[in-house]
1. Under 19 Å between alpha carbons, and skipping anything fewer than 8 positions from LYS21 in its own chain: which aspartates and glutamates qualify?
2. Using bins 10 angstrom wide from zero, how does P(r) for the chain break down, in % of all Cα pairs?
3. With θ set to phi - 60°, apply the Karplus curve 6.51 cos²θ - 1.76 cosθ + 1.60 along the range 76-81 and write out the HN-Hα couplings as whole Hz, x wherever there is a Gly or Pro.
4. How much length is gained if the chain between THR32 and LYS75 is pulled fully straight, taking 0.36 nm per residue apart and subtracting their Cα-Cα distance, in nm to one decimal?
5. Would you mind calculating the relative contact order of the chain from Cα pairs under 8 angstrom and at least 6 residues apart, reporting the percent as a whole number?
Amino acid sequence: MAAKLKKGDKVIVLTGKDKGKEGEIASIAPSTGKAVVTGVNTAVRHVKQSQASQGGRVPTDMPIELSNLALIDPKEGGATRVGFRMEGDKKVRFAKKSGALIDG
């Protein structure tokens, strides 16, 4: 199945403690069905000091389930679902809310 959400997409969180927060997808793991979104699902990790880093308590963005994320409509804003259609001979993603192309 083609990826509905990709790295660099602007998304909004639908459920959980960060509901309503917006961010950009930094990385995605299709095998686990999770994505890391900047500024969302932040946890404090205790890092040991080394020659390369200072160490201490470092806030880190943790993975969040893809089902808890929705793409932000590029035209109207707000959450939208993603669809696929053919534009000539190329398959492109589009926002179902407004019909605007996401990529392509």
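Just so it is clear, none of the values below were taken in a lab; they were calculated from the coordinates. If you're wondering where the values come from, they're calculated on a predicted model, not measured in any experiment.
1. The qualifying aspartates and glutamates are ASP9, ASP61, GLU65, ASP73, GLU76.
2. 15, 39, 27, 12, 6, 1
3. My calculation for the range 76-81 gives 9, x, x, 6, 9, 8 Hz in order.
4. Full extension of this stretch gives 12.4 nm more.
5. Worked out over the chain, it gives 20 percent.
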